[in-house]
1. For region 128-153, name all the residues that are within 23 Å of TRP189 (Cα to Cα) and without any contact (Cβ under 8 Å) to a residue 60 or more places away in the chain.
2. Kindly indicate which of ARG544, ARG535, ARG508, ARG548 is over 30 Å from HIS624 (Cβ atoms) and of a type in the set (Lys, Arg).
3. Where residues in region 218-234 are aliphatic (A, V, I, L, M) and closer than 15 Å to GLY88 by Cβ, which of them is surrounded by the most Cβ atoms within 10 Å (Cβ to Cβ)?
4. Being without any contact (Cβ under 8 Å) to a residue 12 or more places away in the chain, out of contact with any Gly (no Cβ under 9 Å at 6 or more places or on another chain), under 30 Å from PRO412 (Cα atoms) and in a helix (DSSP H, G or I) is the requirement here; does LEU476 meet it?
5. Can you go through ALA656, ALA663, ALA625, ALA646 and tell me which one is of a type in the set (Gly, Ala, Ser), within 21 Å of GLY558 (Cβ to Cβ) and either at pLDDT 75 or above or over 28 Å from the mean Cα position of the chain (by Cα) (or both)?
6. Going by what's in this entry, would GLY425 be described as at pLDDT 95 or above, of a type outside the set (Val, Ile, Thr) and crowded, with 21+ Cβ neighbours inside 10 Å?
7. Restricting to region 416-463, give me the number of residues that are of a type in the set (Val, Ile, Thr) and not in a helix (DSSP H, G or I).
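The values are calculated or read from the model by the stated rules, or taken from the named source; none is laboratory data. Predicted model, so just to flag it, every value in this text is computed and none were measured. Cβ atoms come from the backbone with ideal geometry, glycine included; neighbour counts cover every protein chain shown. Note: accessible area is taken over every heavy atom of the protein model, side chains too, but ligands, DNA and RNA are not part of it. Shrake-Rupley method; radii C 1.70, N 1.55, O 1.52, S 1.80 Å.
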Amino acid sequence: MIACAVRTVRRQWAGNRLEKMAQSGEDGGSEHKAGDEIPSVVRPQGSGATLPLAPGLRTTLDAADMSRRQSLASRRTVMIALIAIVLGVVAAWIARLLMLLINVLTDLLFYGNLDTALSDASLHHGLVMSPTTAHIGAWVIVMPAIGGLIAGVMAAARWGSRQIQGHGIPEAMIQILKHESNIAPRVTWLKPLSAVFTIGTGGPFGAEGPIISTGGALGSVVGQLIHVTAEERKTLLAAGAAAGMAAVFGAPVSSLAMAVELLLFEFRPRSLIPVALATATATGIRYAAFGPQAVFEMPPVSEPDLWALGVYTAIGGIVGYASIWVTKAVFFAEDMFGKTHIPWVWWPALGGLIAGLIGFYFPRTMGVGYDQIDAILSGHLAFGTLLALGVFKFLAWAIALGSNTSGGTLAPLFITGGSMGAVLGIGFAALAPQFGIDPRIAAIVGMGAIFAGSARAMLTSVIFCFETTRQVPALLPLLGGCALAYLVSALFMRNTIMTEKIIGRGVRVPGEFVADFLEEITVKEACNCPAVSLRTSQTVGEARDFLRSGVAGSEHHGYPLLNDAGHPCGTLLRREFMEDQKLDPERTLGTLPRLDLIAVNEEDSLRVASDIMSAHDMARLVVHAAGDRARIIGILTRHDVLSAQARRVHEDRDEARTLRFRAARPGS
């Protein structure tokens, strides 16, 4: 509205000025007689500058950068990639430091010393400690409550931030989609510190979530300190987040896939390359510190046959359906906390108290739980233990996370899904031993399927489970199981565990990544050719007669205005001389106020043209020839762009049978 008002005022001012010029022949020191053509400008698309109309217009236009085609990469891509590599290094060391702090707090509170936290296994082999009830007994119940209370105070304090609540990825999504990827700098230290207390005191969370959140916040802060665009800042945020995940699990490719599916919402070289380099760097540092072995080492498994593959795929579908109820349970717990009359700052303490109570009776649910994933995948747990671990870990995690505390979701989901898959695998193996079902492969499929269903990140799930186990025979069952889980989730669940909360706040989250249809259509295909233009030497009366004639081209709302040499000098709107009946019919069109002329190459895509229209608030563009930038060949309007979009809608929605078979006639 403001832009439209400004243009209206400018036109009115120009019109009044021109009338005075016609009457007095004055123009601030330059003399113009009545009927003289006023200078105009031709503004090349993609340029903030203007090109003055002059006899050498063709040379001037040829020298200007009229093309707005965007290359796959540029020098700025190299700069962002170099920054992303640095982020990968920093995120890897932040991950090591956070793991060490969690181990130190766990060792102090549950074991009464620092022997294990500072041991070689912790410092050089990536050991993450788990709490125990052996030394402190019933005190284990209140430990997670203390950690939750500290996290609640950190979120509520004047120096704190509520952005530290939750598991990190949804909060990063909000900043990307609504706040141009700007995250408050204090989140870079508040989030990991709050996670140290919630996890180190026995909370049933993974450490990866806070590390992902911290890496993303660090990338955002770096992007706020230097001159970058919002898109480049989003790339840095995603690079930091993905590097954090890669540093924890040694899974660079799945971390890249996670960034694409949950943060970037695009697949472009300008964003893909920096994130890939960040994850590769972080993983390399992890390998140097802890060795290149798989995070979840397990005995080798054998290649499944066709029947076993079908069973594993079915297990993925069952776990995928269960992931729907897992997601609903988390937000049901959050709603229950919201209905209490307890101030929200106390919710994490209450959730921690419930998690501590569950942990007192079933200690396997406490802490990060990476050792429990190892036990599940190695086949070391009995049927009853698997069932109890899956149920109680899910309850403790869902209730604690629903209290809006700080902690990760990946490890709890993998424990829940892995236990469920292993239980189903044992069951199928007992019912149909001839199929050769391996509960360990079923557990891997369950791990992937629950994340594919709850987060709807299928590629991340498949690649992650493969990278963290290095079990090639499990790759095909993973693909089938995660695909079916993804399908079941898409059919029966509207929002995911990552998007439910933020969609409730009115944030629209992209659910699909498709090629831009407008990129497939050139301007030449969609524009009106040939261009119908008016001449500066024509009179208002002549132009009115033409527009009232009803001949082809007389129905347009705007026309390029050419001088006698055929050079463009602006865009003249129909209403400028059709609605104002006070205009002298003998007045030439060259003296009327007109808009800047913005040109687009006939070989450019409609996406480029649409971006230009949006950037300059223009309803129409002139189209110049590819080999001659001063030769106007057509007009492209917003209606033309919408007509192209209508074709895409037709292709998406209209069902038709395009191939028919005709029965052969007898004797033919």
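1. Once the filter is applied, which keeps residues that are within 23 Å of TRP189 (Cα to Cα) and without any contact (Cβ under 8 Å) to a residue 60 or more places away in the chain, region 128-153 yields only ILE150.
2. Going through ARG544, ARG535, ARG508, ARG548 in turn, the sole match is ARG508.
3. LEU218
4. Spelling it out, it is not the case that LEU476 is without any contact (Cβ under 8 Å) to a residue 12 or more places away in the chain, out of contact with any Gly (no Cβ under 9 Å at 6 or more places or on another chain), under 30 Å from PRO412 (Cα atoms) and in a helix (DSSP H, G or I).
5. After applying the criteria, what remains is ALA625.
6. yes
7. Selection size over region 416-463: 1.
Per-residue answers, yes or no, for (1) part of a loop (DSSP other than H, G, I, E, B); (2) at pLDDT 80 or above:
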| position | (1), (2) |
| --- | --- |
| ARG43 | no, no |
| GLY46 | yes, no |
| PRO55 | yes, no |
| GLN70 | yes, no |
| LEU82 | no, yes |
| ALA92 | no, yes |
| ARG96 | no, yes |
| ASP115 | yes, yes |
| PRO131 | yes, yes |
